[in-house]
Amino acid sequence: MEYALGEKGSYLFRVEPGGRTQVYALPVGQEELAKLVTEFVAPLQSKHTYQDFSPAQGEKLYNLLLNPALKDLPPEKHLIVVPDGILGLLPFEALVVKAGKDLADTRFVGDERLLTYSQSAAILALNRLLPASKAQKPLFALGNPIYSDRDPRYLAHKAGKPAPVLTAQAAPQYAFRALATRREWGKTTSDDKQGKELSYPPLGETENEVRAIAGLFGVKPEPPDILLNQAANETGLKQVPLKNYRYLHFATHGDLPGKVQGINEPFILLGQVENKDQDNGFLTLSKVLGLKLDADMVVLSACLTGRGKVMEGEGVAHMARAFQQAGARSVVVSLWEVASEPAVEYMVAFYTHLKAGKPRAEALRLARQHLKTKYPNPYFWAPFILHGEG
């Protein structure tokens, strides 16, 4: 399902195996579509607004973007979505086939269809030419970095003692803080008395996530395979031969380009202690492009890793594209700030299905269904999408 957005109208190309193509005219231009998608996604982008999610808007977008092309396709058909422009920020799984009396009773696209995404048809074709991964090690994972040299975990490390567990109440005081580029995000000057700095607190639950996933694969939670706490910094990451791993998992903060002063690319926030030389603890899009990978999959269990600059004719420039260009055959990214504890449960379920032999896209779908039974709102179960081969 490849989209092309124009000023007055848009098109959907349904391309089936063998090249048989049908073209559907969509009666909306990119400006009107941007408004509809933004209104639909807006409630899902915050834990404070997700209750405002509108099934009616989801149904409207489904009938506009997918329904015409799906009427004669059996439900077992796997859909590969190649979005354009603003559609790169839309989780098609959360579009509504039929609204019910409540969210638990509502039928979503993800209930009926297996979906994966591709940045472009060209990237999809190139990925299919890649040989099978020769990586010998099952898992590399990074989580729960230290952002402050006052963090009790770092003080314990310096003293040669075991790392204490940070409580959720204590974590914010050991956050990484930075000035924002725009006032709506936070204070932009250090002498601003009213605003607050951008704050990225430690994510203790991501350590539980990483340890649980490592346990599934029988991997000891120690370097070089697993980087936690003070080891989860950029200097430590650079010392790991990432090309040797089949799965790479990053469980930390991520954010949009141009939000933190001086960082003009999408980034994954690594540890801010014990970095050496030019390492600043920001794994940016350009740094990812410099990696050499042979991974079946990279999972970015972080916030906003699937968002980036909307580019006309190119969808969204984000971390999925960068990791694929670095050699990953597929990348799981997030489209909004994830709810931490449900995200841990989601990821453990996902890897459990992978370990049981399920294909990547099917394992993600099963994890989504697992979470959806407990948390019917798409805010909890729809943030993660898979780019690349499923």
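The values are calculated or read from the model by the stated rules, or taken from the named source; none is laboratory data. Bear in mind that the values here come from a model prediction, so they are computed numbers and not experimental data. Heads up, the Cβs are rebuilt from the backbone with ideal geometry, glycines too, and the neighbour counts pull from every protein chain shown.
Just a few scattered comments:
- Whichever residue in segment 216-241 is outside any loop (DSSP other than H, G, I, E, B) and among the polar types (S, T, N, Q) and, among such residues, is surrounded by the most Cβ atoms within 10 Å (Cβ to Cβ): N233
- Among the residues of segment 129-142, just one is among the small types (G, A, S) and modelled with pLDDT of 95 or more, namely A141.
- For segment 100-109, the criterion of being closer than 22 Å to G254 by Cβ and modelled with pLDDT of 95 or more is met by none of the residues.
- Total residues in segment 186-215 satisfying the condition of being assigned to a loop (DSSP other than H, G, I, E, B) and either of a type in the set (A, V, I, L, M) or touching an Asp or Glu at 6+ places or on another chain (Cβ under 8 Å) (or both): the figure is 4.
- All of Y346, Y379 fail the test of being assigned to a helix (DSSP H, G or I), assigned by TED's automatic domain parsing to the domain that holds A214, over 19 Å from N208 (Cα atoms) and under 15 Å from the mean Cα position of the chain (by Cα), apart from Y379.
- Comparison of T116, T38, T49 shows that the only residue that is surrounded by fewer than 19 Cβ atoms within 10 Å (Cβ to Cβ), closer than 30 Å to E207 by Cα, at pLDDT 90 or above and in contact with a helix residue (DSSP H, G or I) (Cβ under 8 Å, 6 or more places away or on another chain) is T49.
- Residue that is nearest to L300 (Cα to Cα), among those in segment 338-390 that are in contact with a Ser or Thr (Cβ under 7 Å, 6 or more places away or on another chain) and of a type outside the set (A, V, I, L, M): F384
- Annotation note: of V109, V41, V82, the sole residue that is without any contact (Cβ under 8 Å) to a residue 60 or more places away in the chain and β-branched (V, I, T) is V109.
- Scanning segment 142-158 for residues that are of a type in the set (D, E) and surrounded by fewer than 18 Cβ atoms within 10 Å (Cβ to Cβ) yields a total of 1.
- Hey, Y62 of a type in the set (S, T, Y), in contact with a helix residue (DSSP H, G or I) (Cβ under 7 Å, 6 or more places away or on another chain), crowded, with 16+ Cβ neighbours inside 10 Å and modelled with pLDDT under 95 or not: no
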